[in-house]
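The values are calculated or read from the model by the stated rules, or taken from the named source; none is laboratory data. Nothing here was measured: the structure is a model prediction, and the numbers come from that model. For neighbour counting, all protein chains shown are included, and Cβ atoms are generated from backbone atoms with ideal geometry for every residue, glycine included.
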Protein chains: 2
Amino acid sequence: MTSIEAPKPQYAQIAALLRSRIDDGTYPAGSVLPSEPALADELRISRVTVNRAVAMLRSEGLVKVRRGAGTFVRSLPKIPRDAQRRYAARDKGTGAGQVEVTELNLRSRTDYGNIRRMQVPRPDIAKTLQIETTDDVLLRPRVLYANDEPTQIADSYLPWSIAGRSEALMHGDAGQGGSYSRLADLGYGPVRFTEDVNVRMPTDAEQRTLELEASQPVFEIWHVAFAADDTVVEVCIHVMPGHLWTLRYGWDDPIAAHGAAK
Amino acid sequence: MTSIEAPKPQYAQIAALLRSRIDDGTYPAGSVLPSEPALADELRISRVTVNRAVAMLRSEGLVKVRRGAGTFVRSLPKIPRDAQRRYAARDKGTGAGQVEVTELNLRSRTDYGNIRRMQVPRPDIAKTLQIETTDDVLLRPRVLYANDEPTQIADSYLPWSIAGRSEALMHGDAGQGGSYSRLADLGYGPVRFTEDVNVRMPTDAEQRTLELEASQPVFEIWHVAFAADDTVVEVCIHVMPGHLWTLRYGWDDPIAAHGAAK
């Protein structure tokens, strides 16, 4: 199973050097990276090589180019997202939206888009919501930020037949406990969740909204909430830059729980 | 929140056409894609454009190049991996390893590498196993296949202080119920699991083993098993091509379970 690795090309060696300088604080979080000519000069290598090395760091999300301002060292830490804990914490504030960001003492911001009634826009969303493709949904679209950097797009779809009964759900801030508490007010409080996690490359629009390169993969999570009678009350599609997040899940072992393990 | 998309470049339009031909069965699963010159001819476009379009499909995992044999249409379906269910099903056979692959009626194969005692190879693994960096582990490395295509690398690390007591764990096939049943025999049966999910680009070695392009992201899952006394009895690091898998997790809502929801 051991495999012999080919010696690293020079740009990869330079990338490793820059990575270690970011790790050890030579280039502090949030600072401007030295320019490519300056790095080429210091390291006595070609600008082409520096450029390829920096492109590697960009793909990894270790540095980010802000047009007209330079190349910046990553300032956000990797954010752990513990699914069970985040939704359990929702009754403490206005919902689960920014639990992790607040825990890391990052400044959180949520920008709501146009909250609106619409026909369900995709057959796979209709199927997940167990409604007809001609039925209506309430769309609650938002972009979440930490320290003013975008961390995820979260588009929440609720069956209009349920959500349409709550005036509070038409607003970004749905009140104490967030939208799930409003669903509970209507007798449809979520009691069970599933999440389907996929990974893919970002669309052009996502690259712009999330400040990503085309080479940076995103998580796409379909978070589905079920009421006690198994009605699906929400599907929320989260699109999250892969380099920013670690997803955490946990569960008790059903075999041990049922006493089958010896 | 609506964004105006720029008109698609020609190669992206060609990629969309090829994608729809794969979807509708014009190019069946597992078949050889027409050659790039043939496609350029048929579609009256340049070979450069065809080449970029095919490169897009390769990145998405829709086609795969086999050196000397041509470009093949993807033959494996997306494999759903339901974490809770996969480990619950382990007592039915020789472990959880290939539950999903078998359920899809795909031919499963597991190639074990060199199962061996060694010093824990990385500080983060030592930390997760709650052992010293000078302690030993049992490494059980394997590569899993479906219809002879690689689907994941799974390197399992167990504290030697526990695993060293079981002769069966020194073999790829650890017997009925797999390695967890052997841990249970020793009084360390797993009762609780956590999984941390990250996404990243594959290393050179992973590209070779998993037959991936450099542009295809992988899931890296750290699956951690806990015994009843909270001893960590295993960490298994799964590296899985992103395009092949959907991860599924589910849980009951702790707020509803504790009666706090109204």
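Things to note:
- Exactly one residue among A:Thr133, A:Thr102 is of a type in the set (Val, Ile, Thr) and under 17 Å from the mean Cα position of the chain (by Cα), and that residue is A:Thr102.
- Tally, over the range A:157-208, of residues that are facing chain B (nearest Cβ under 9 Å) and assigned to a strand (DSSP E or B): 11
- Of the strands (runs of 3 or more DSSP E) lying entirely inside the range B:1-85, those containing at least 1 residues that are within 13 Å of another protein chain (Cβ to nearest Cβ) span B:79-82.
- If the condition is being modelled with pLDDT of 90 or more and closer than 30 Å to B:Pro9 by Cα, then the range B:66-85 contributes B:Thr71, B:Phe72, B:Val73, B:Arg74, B:Ser75, B:Leu76, B:Pro77, B:Lys78.
- Selection from the range A:64-83 of residues that are surrounded by 15 or more Cβ atoms within 10 Å (Cβ to Cβ), under 30 Å from B:Pro254 (Cβ atoms) and either more than 16 Å from the chain's Cα centre (by Cα) or of a type in the set (Lys, Arg) (or both): A:Arg81
- For the range B:174-202, taking the residues that are of a type in the set (A, V, I, L, M, F, W, C) and farther than 17 Å from A:Gly250 by Cα, the one that is surrounded by the fewest Cβ atoms within 10 Å (Cβ to Cβ) is identified as B:Leu186.
- Some residue of the range A:42-63 being modelled with pLDDT of 90 or more, loosely packed, with under 14 Cβ neighbours inside 10 Å and of a type in the set (Ser, Thr, Tyr): yes
- A:Tyr145 being farther than 24 Å from A:Met56 by Cβ and under 13 Å from the mean Cα position of the chain (by Cα): yes
- Condition met for B:Ile221 (outside the structural domain of B:Glu149 (by TED's automatic domain parsing) and among the aliphatic types (A, V, I, L, M)): no
- Residue check, B:Glu213 crowded, with 21+ Cβ neighbours inside 10 Å and of a type in the set (Asp, Glu): no
- Some residue of the range A:112-125 being touching a residue at least 40 places away in the same chain (Cβ under 8 Å), surrounded by 13 or more Cβ atoms within 10 Å (Cβ to Cβ) and not assigned by TED's automatic domain parsing to the domain that holds A:His243: no
- All positions within the range A:86-131 that are at pLDDT below 85, part of a loop (DSSP other than H, G, I, E, B) and under 27 Å from B:Gln84 (Cα atoms): A:Gly95, A:Ala96, A:Gly97, A:Gln98
- Condition met for A:Trp222 (more than 7 Å from chain B (Cβ to nearest Cβ), among the aromatic types (Phe, Trp, Tyr) and either touching a strand residue (DSSP E or B) at 6+ places or on another chain (Cβ under 8 Å) or outside any loop (DSSP other than H, G, I, E, B) (or both)): yes
- Scope the range B:226-242; condition facing chain A (nearest Cβ under 8 Å) and surrounded by fewer than 21 Cβ atoms within 10 Å (Cβ to Cβ); matching residues: B:Ala228
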